[in-house]
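Quick notes on the structure that follows.
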Amino acid sequence: MTSAPPSRPAGSWLRTVRAVAWSFIGLRKSSEFAQDVKLNPLHIVFVGIAAALLFVLALIALVHWIV
């Protein structure tokens, strides 16, 4: 009889967005960082790319609005 690998508890999308937002700022408690290990890495990559894209688009919009 084979045992199934231990399943990782799924983190919510909101928790993933919060983790990525705090990492953009560069501030994070070690206790929060330890809980981030439970998040899905693919979700972190997707949210990180989306946040970076939104940041760049916001900067482009700001430059066009000023100039």
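FYI, it's all coordinate maths here, none of it is from the lab. Source: prediction; values computed, not measured.
Calculated on the alpha-carbon coordinates, the convex hull of the range 9-67 measures out at 73 cubic angstrom per residue.
For the pair ALA61 and ARG18, the difference between a 0.36 nm per residue extended length and the Cα-Cα distance amounts to 13.1 nm.
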